[in-house]
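Quick notes on the structure that follows.
Nothing in this text is a laboratory measurement; each read-out follows from the coordinates by a stated rule. Every value quoted in this text rests on a predicted model; they were computed, and no experiment measured them. FYI the Cβ positions are ideal-geometry reconstructions off the backbone, even for glycines, and counts take in every protein chain you see.
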Amino acid sequence: MDEILEIKPERIENDFKILETFTDPEAPWTRRAFSLQNKEARKWLADQFRAAGLDVYNDAASNLIGRRGGDGDQVFMMGSHSDTVIEGGRFDGIVGVLGALEIARCLQDSDIELSLPLEIVDFTCEEPTVPISPVGSRIIAGDITQKDLEGVITPFGETIHKAIDDLGGDSSNISKAKRALGQIAGYLELHIEQGAVLEKEELAAGIVTAIAGPCRGTVQFIGQPEHAGATPMPDRKDALVAAAELVIAIEKIVTTTGMSEENVGTVGWMNVSPNMINVVPGQVDMSVEVRSTDLESLVLVRKSLEEEVEKISEKRKIESKLTWDHLEDPVPLPLFMQDVVKSAFTDLSIPIKYLPSRASHDAARIAPITPAGMVFIRCLEGKSHCPEEWTSMDDIVLGIRLLGQSLLRLNENFLKNKKG
């Protein structure tokens, strides 16, 4: 199949320049979900959706949706998210939203009608702004219900109900946003890799095979706060020393010989009490996160971590508690969707490269209800979630070309299967 869509780089570049102005002035590249900047950016995006000939609406979860193609329950879908982490949101998610917008414009420019309506989506709150994030894509998949919203407060001091409603949703009827199995005939997402595999292999783009499952928990060590000068070392019950041992242990666990190369483990947050220079730390609360694209390995990592907490607790003669707050399995992307994306690479004479995603995405959240496919583009030194996050406009344009061609191939496959 020849490439049909005519991508316009200058239009895309202008989109990025405008969208990045919606940022916290005190922290560039910051547009957290439910913030003023997020609301303003969405108003601008809605205008761009309309200008691309899309019918625009917010579903009950406040997902911003632009629809092309008229009536019908079954749709093709593309999208990602425009909300960001603090000081780290110049391309993460954004390439997927603006890429989908550009495809919609190209369809309008060429007057191309697909066999199904197309919806492009800016999903609500993909980044961990609230404990139940990602919000929008999980609600669409039915993974978040009305009950899960209870008691959730945003960093801006409002309930998640009010935050969703302020973005145009309907938090009292959240189930209306849920899509039935098969209602989305196929989902495509363009994203930066957030890793350095493509860059190291001097490749601009790749085909995602699986998305890692993040498992997050909280560990609490309770020792005894005592005078830092008067308490001999053998008599101490230092909770921070126990926490330090666990930090090192996690690194060893995920890199043990025989474990999957895709395993990663991180302690990203810690609270020390009483946190005074002359007091032995009596309590430490800390986050733990482990991820992998290999389910068997991920289960083994979690079990090893639990055993290590108990071992450290017994050794230090202190109390401990590990609570898993969020558990996910890795998400393999369907082979036929990988083949759809591969066809696009072949059409455009782009070298084929398969790779897993260690980061999670909206694609993983809605994968239980629709076949999902992803295109990765390289990012500089693999850096993401930081101010240095960067990818070139040439690679963005290539990624959008691959996204558009993947959509056309998906449409072609749908027609063939329908006739068959």
To test your reading of the geometry: what angle, between 0 and 90 degrees and rounded to tens, separates the Cα axis of helix 9-19 from the longest principal axis of the chain?
40 degrees
For the pairs 237/321; 8/383; 39/147; 252/317; 200/383, note any where the Cα-Cα span goes beyond 20 Å.
8/383; 39/147; 252/317
Relative to the longest principal axis of the chain, what angle (0 to 90°, nearest 10) does the C-alpha long axis of helix 36-51 take?
20 degrees
Rounded, prolate or oblate: which fits segment 25-155 when a ≥ b ≥ c are the square roots of the eigenvalues of the alpha-carbon gyration tensor, with rounded for a/c under 1.5 and prolate only if a/b beats b/c?
oblate
Value of Rg to Rh for segment 355-406 (Rh from inverse mean 1/r over Cα pairs, i.e. Kirkwood):
1.00
Can you pull out the GluC sites (Glu not before Pro) in segment 132-209 whose DSSP state is coil and whose Cβ has at most 11 other Cβ atoms within 10 Å?
150, 202
Eigenvalues of the Cα gyration tensor times 5, then square-rooted: what semi-axes does that give for the chain, in whole angstrom, largest first?
41, 24, 20
Using alpha-carbon positions, the gyration tensor of segment 213-326 gives root eigenvalues a ≥ b ≥ c; with a/c under 1.5 called rounded, otherwise prolate if a/b exceeds b/c, else oblate, the class is prolate
Would you look at the GNM of the chain, springs on alpha carbons closer than 10 Å, and say which of 231, 266, 145 moves the most?
231
Mind checking which of 345, 221, 86 is farthest towards the positive end of the chain's charge dipole, using Cβ charges of +1 (Lys, Arg) and -1 (Asp, Glu) about the Cα centre?
221
Kindly express, to the nearest 10 degrees and within the range 0 to 90, the angle between helix 295-316's C-alpha long axis and the longest C-alpha principal axis of the chain.
20 degrees
Top mean-square fluctuation among 361, 81, 161, Gaussian network model of the chain, C-alpha springs under 10 Å?
161
How many angstrom lie between the C-alpha centres of segment 217-293 and segment 374-420?
40 Å
Pull up the cross-link candidates among the lysines for residue 418, meaning alpha carbon to alpha carbon under 23 Å and not fewer than 8 places away within one chain.
342
So for segment 136-196, considering every pair of alpha-carbon atoms, how many percent are separated by more than 14 Å?
65 percent
